[in-house]
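The values are calculated or read from the model by the stated rules, or taken from the named source; none is laboratory data. None of the values given here were measured: they were computed from a predicted structure. Neighbour counts run over all protein chains shown; Cβ positions are idealised from the backbone, glycine included.
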Amino acid sequence: MIGVLPIDKQNLKLPDDSTVNFTATIISKLTERLQDVISSLKEDEWNSFKDGLKTVICIQLLSQTYKKSNINPLELLLNASIQAERLDIAKRVLKLIENIQENKDIPESIWFELLVLDSPDNLIETIPIKQIPFEAYLKCAIKVVPVLIQFGNFVNQLSSHFDGAVKDNEFLIDLENIIFLLDFLRNKPSDDTNPDLKTIRTIIDASIPLRNKVGEYMSTLNVTINDFNSIRDIFILSAESCVLFHVKKEEFLHKLLTSGNKHRSVEFYTRWFLAFMTPNKKKQSILDDDEFKEFLKAWTTCFAHRSDSMIEIIKGIDVLISAIGDHSCSEHFIKHMIDLCFEQKSIIEKIENSVLLVQNPKFLSEFKLKYKTNVLSTYQNSLKELENPVNPLHILILIDDDTKYQNRFLHELIEMTCKDIIIDDDEILQDVFYQPSNRAFTYFVLFLPSFKTTHTRQYIVDKLLAQSISWEEIGMRWDDISAWERYTNEQRAVADKVWAHIRETSSKKFELVRLIKTENDKMQEKLEIIKMIPSCLDFYCSNATDKQQYKDLLQNIANSFTDKIIRTVVIPDDIEKLVPIAKRLDLYSKSNVWHLFRQQPMTCK
């Protein structure tokens, strides 16, 4: 009945649900029982059957509803029971669509092209060319080739047809379609038992026109940063194919990196690096180790001379290092980037804007080693000059102040720098006791926040604490007390602050002022004896034969104050015996009356 229905553009109104559903049901039933239907046909029913089949296929194709079920009505023509009539039915469908559509495109044109490849009357030439993606072509070829490959010269015809379709721009050539095609061409273990699939791949991969078209497309492509990942995937997938025969990877990437604007954005260089110099999620890379090193030089050359770009790149280098992962060149990349840092003075002097923002431990560790070798070694003898503007420790302290003392890595650099500074015990005491100064290195270490956690501060505190304990337990020297007594007001303030700090950091409550007073009192007491007894000897015992012996002994005692601890200076017993008498007589020696009395001649009665 359907075979005799007159279907044309006047009476066919689509979409019509009842018509579409009806034909869909017929297609479904024919797909299931086509062999039975063919077997039941009489000779005079064939023409009507083919017209009816033509009609339902045409309605389905024009309505496009079959796409929802993913069952193409033209697949019916691949059924073995209908092969003898395939070309005739296809011709009838094409003619009916042409009558209904007039100048409009033919739906599923690629299906028709492959289905009539072996048509002796060049039926394929009547099919209008329509640009399609490779996915559509391959979806059809995978269905058609296994059925028609058995007929005559079909493989050669298929190869010629594919080349011709490429030349006629029948395929949509863009990055997405190239990726799809290359992925299809990759041999998968599950495909080893599918010779028909291998045939399709061989035809496509051997296509010279395809190589030319892809090469032409890639050479004229106006690449944006959003294309980088797609291009990366293309180069990875092309490893097993000849499709990119005319695209030289190194040349393409170098041109992409260096051509166009001389000053590209940091985002461009970052995205370029992530796309082409780091492995993808499957750990696949497009560059071997030697290529990586060469491209790394080319990449950094583009921006290394621009401090602003370099700073931004270093600031975001954690992302790049993470993307490289365990790549064999990751260590080389880190060292190369650190070398560039030290070639730019602005990077080192303003590390708070770049390096101090980095978190990667490998980068930071390598940076520290390079900093020690390239920077600290140069200023080894001037690191204590904290007011010298070119002193790296001075610079680090300024940065630490600007960053509110919060950067852990900066503190590591300061600590490392302090380890290169040699400070001895005498210098510590000179800076804070004998010649106390708030410009001295020791003072800076004790009170600048940047040194709070350094071993140098702790060393100084420990040494001063040990000295205070020694003074308390053993005693002080005469020059210690003399230094204290000679202080200016400014020096007194420095010394008071230093020893107050030592007292605060120690559980032992050390009072330096009280100790000095105690030690000074002991010294003055002994000095008074040394001064008092010679006067008495001269006044009362001027003719004594042992007077000089006593004087020499007292002078030796006086001299010992210059090189001995005050507590160890001992008054001999012979002198101690004279002390009570000397004290009494000394009182009289200060009296004028006593002097006059002593001058009177003495008479005995």
**Candidates E291, E312, E267 - the one that is within 13 Å of the chain's Cα centre (by Cα) and over 20 Å from P392 (Cα atoms)** = E312
**Message:** One residue is enough: does segment 184-206 have a residue meeting the conditions touching a residue at least 60 places away in the same chain (Cβ under 8 Å), assigned to a helix (DSSP H, G or I), surrounded by 18 or more Cβ atoms within 10 Å (Cβ to Cβ) and not assigned by TED's automatic domain parsing to the domain that holds S63?
**Reply:** yes
**Request:** Please verify whether segment 101-110 includes one or more residues that are more than 57 Å from the chain's Cα centre (by Cα) and crowded, with 21+ Cβ neighbours inside 10 Å.
**Result:** no
**helices (runs of 4 or more DSSP H) contained entirely in segment 277-350, each with at least 3 residues that are over 30 Å from S238 (Cβ atoms) and at pLDDT below 95** = 307-315, 330-343, 345-349
**Item:** Output for segment 387-404, where each listed residue is buried (at least 16 other Cβ atoms within 10 Å of the Cβ) and either in contact (Cβ under 8 Å) with a residue 12 or more places away in the chain or under 13 Å from L356 (Cα atoms) (or both)
**Value:** N391, P392, L393, I395, L396, I397, I399, D400
**Request:** Might you let me know whether segment 450-467 holds any residue that is over 47 Å from the mean Cα position of the chain (by Cα), under 25 Å from K517 (Cα atoms), in a helix (DSSP H, G or I) and modelled with pLDDT under 95?
**Result:** yes
**Item:** Answer residue from segment 497-512, given it is without any contact (Cβ under 8 Å) to a residue 12 or more places away in the chain and more than 48 Å from the chain's Cα centre (by Cα) and is surrounded by the most Cβ atoms within 10 Å (Cβ to Cβ) among those
**Value:** E511
**Request:** Please give the number of the condition I142 fails out of (1) of a type in the set (A, V, I, L, M, F, W, C); (2) closer than 22 Å to P195 by Cα; (3) part of a loop (DSSP other than H, G, I, E, B).
**Result:** (3)
**Asked** Which ones in segment 264-316 are closer than 22 Å to S230 by Cα, crowded, with 16+ Cβ neighbours inside 10 Å and without any contact (Cβ under 8 Å) to a residue 40 or more places away in the chain?
**Response** R264, L287
**Prompt:** Any chance segment 473-493 includes a residue that's within 28 Å of D420 (Cβ to Cβ) and either crowded, with 16+ Cβ neighbours inside 10 Å or under 49 Å from the mean Cα position of the chain (by Cα) (or both)?
**Reply:** no
**Asked** Can you tell me which residues in segment 96-132 are at pLDDT below 85 and among the polar types (S, T, N, Q)?
**Response** N99, Q101, N103, N122, T126
